[in-house]
Each structure stands twice: as structure tokens, then as C-alpha cells.
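**Q** Here it is, the structure in full.
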């Protein structure tokens with residue numbers, strides 16, 4: 001969608017990553033007042049590239065918030081892997097005590113990861129089932145049953161074993177998501193998938 005610039009139209013990024021086994025949000029990001037007419041998705045990509053350089057970036061429009069005084073904020077959720085920060089004064093922070101916009105982004109991520117393969121945004125192209133499970137646990141902020149998780153995730157037919165094994169300690173088979181690195185909705189909603 002392309003909107004003309006108004007005095008009260010802002011774009012805000014909610015940027016999340018997993019670092020050192022914790023979900024982190026990029027702090028210190030202001031809402032950017034749009035200075036010129038441009039497609040919103042393009043503006044979000046441009047602003048995100050000013051903030052981070054990453055191995056992988058996933059971006060989706062999150063929601064449009066209307067605040068008092070006529071201020072409108074179009075929010076985007078961005079998930080990044082191995083990100084380097086480009087701006088001084090920015091830092092990865094805990095996901096506690098979030099703003100309304102950031103809290104909504106975290107809620108969207110936690111919901112969407114239970115019915116899509118969105119976990120790919122935090123993983124390299126090839127990963128172990130333990131790394132995949134850990135990603136779900138970090139995002140959901142709780143443990144999931146290992147046996148049930150593996151049984152359910154393998155039954156969805158969204159993973160392909162690539163024939164390789166990761167060495168170093170106990171050998172572990174490597175997997176990848178089938179198809180391109182994009183959101184795929186699971187064929188059927190897996191009831192109690194995360195129990």
C-alpha cells in the first residue's frame with residue numbers, strides 16, 4: 001500500500017532476534033515520520049536496512065495503530081538472524097516491559113509460530129531438531145515436550161532431512177524447511193502441538 005505523507009503518519013519497526021538463548025528486541029528505535037510518499041513495505045525495508053545488517057531478515061506489516069491527537073503508526077514486525085547493528089545508541093534488550101506496539105508484535109510472533117514455519121527466520125538454512133525445538137521454546141518462553149514436539153513437527157511434512165549429520169558431541173541429523181525461506185502455513189492446525 002502506498003500512502004501520501006500526512007503530518008501524523010509514522011512507521012515503527014519491531015525488530016526481534018534470538019541471541020544467547022534469549023529472545024531480544026532492538027531497543028532505541030524511534031517511530032519514523034514518513035517524509036515522502038512511498039510504498040509502506042518499501043519504507044519499512046529501507047528503515048530496517050539502516051538499522052541492521054543480518055544473515056536473514058523477515059518482515060511483515062503488523063498493524064496500524066491510531067493514537068490520541070490523530071497520530072497514526074503503521075507497525076512492521078521484523079525477525080533477524082545474526083544481526084549487526086548499524087546505528088549508535090541501539091542495543092538488544094529483554095522483551096519485558098514493552099511498548100504497546102512492541103507487545104503486539106511479540107504476541108503476533110508467539111501466535112504465528114504455532115501454525116506456520118516462521119521459526120525459519122531465526123534459524124540457519126540447516127538445523128537440528130534440537131535447535132528447532134529450542135527456537136520454539138525461546139519464542140514461546142516455555143518448555144515443550146521433546147518427544148511430542150518431534151513427532152508432531154515431523155508429521156507435518158514441512159522438513160527435509162538433508163543427509164548430513166552435525167558432529168561435535170553427540171551426532172545430530174540436519175534438516176531444512178522444504179521450499180523457499182518464506183512463511184508456510186501448516187496443512188492442518190496441530191492441536192496441542194506445543195504441549
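**Q** As a footprinting exposure proxy, order 56, 22, 96 by other Cβ within 10 Å, with the fewest listed first.
**A** Neighbour counts put them in this order, fewest first: 96, 22, 56.
**Q** Calculate the spin-label point distance for residue 143 paired with residue 8, positioning each point 7 Å from the Cα along the beta-carbon direction, and give it in nanometres.
**A** Result: 5.0 nm between the two label points.
**Q** For every helix of n ≥ 4 consecutive DSSP H residues, a contribution of -39,500 (n - 2.57) applies; sum these over the chain, divide by its total residues, and give [θ] at 222 nm rounded to the nearest 500 deg cm²/dmol.
**A** -7500 deg cm²/dmol
**Q** Hey, another quick one. Gain in length, residue 81 to residue 181, computed as 0.36 nm per residue apart minus the alpha-carbon separation, to one decimal in nm?
**A** Net length gain for the segment: 34.7 nm.
**Q** I want to check the label-to-label distance for residue 53 and residue 19. Put each point 7 Å from Cα in the C-beta direction and report it in nm to one decimal.
**A** 1.6
**Q** Taking the Cβ-Cβ separation of residue 125 and residue 65 as r and a Förster radius of 25 Å, what is the calculated FRET efficiency to the nearest 0.05?
**A** Here the calculated transfer efficiency is 0.10.
**Q** Do you know the relative contact order of region 2-108, to the nearest whole percent, from alpha carbon pairs under 8 angstrom that are 6+ apart?
**A** 35
**Q** What are the extents of the Cα atoms of region 1-90 along their three principal axes, in Å, largest first?
**A** Between the extreme Cα coordinates on each principal axis of region 1-90 lie 40, 24, 23 Å.
**Q** Among 182, 100, 60, which one moves the most in a GNM of the chain with springs linking Cα atoms closer than 10 Å?
**A** Top of the fluctuation ranking is 100.
**Q** Relative contact order (percent) for region 118-177, with alpha-carbon contacts under 8 angstrom and 6 or more residues of separation?
**A** The value is 38 percent.
**Q** Relative contact order, percent, of the chain when contacts are C-alpha pairs under 8 Å separated by at least 6 residues?
**A** About 20 percent, as a whole number.
**Q** Assuming a ≥ b ≥ c are the square roots of the Cα gyration tensor eigenvalues, decide whether region 118-177 counts as rounded (a/c under 1.5), prolate (otherwise, with a/b larger than b/c) or oblate.
**A** Cα axes put region 118-177 in the rounded bin.
**Q** At a Förster distance of 30 Å, what's the computed FRET efficiency of residue 91 paired with residue 157, Cβ-Cβ distance as r, to 0.05?
**A** 0.15
**Q** Here's a follow-up. Where does helix 40-51 land angle-wise versus the long Cα axis of the chain, in degrees 0 to 90, nearest 10?
**A** 80
Quick note: the coordinates plus some simple rules give every number you see, no bench work behind them. Keep in mind the model is a prediction, meaning the values are calculated, not measured. With ideal geometry, Cβ positions are generated from the backbone for all residues, glycine too; neighbour counts draw on all protein chains shown.
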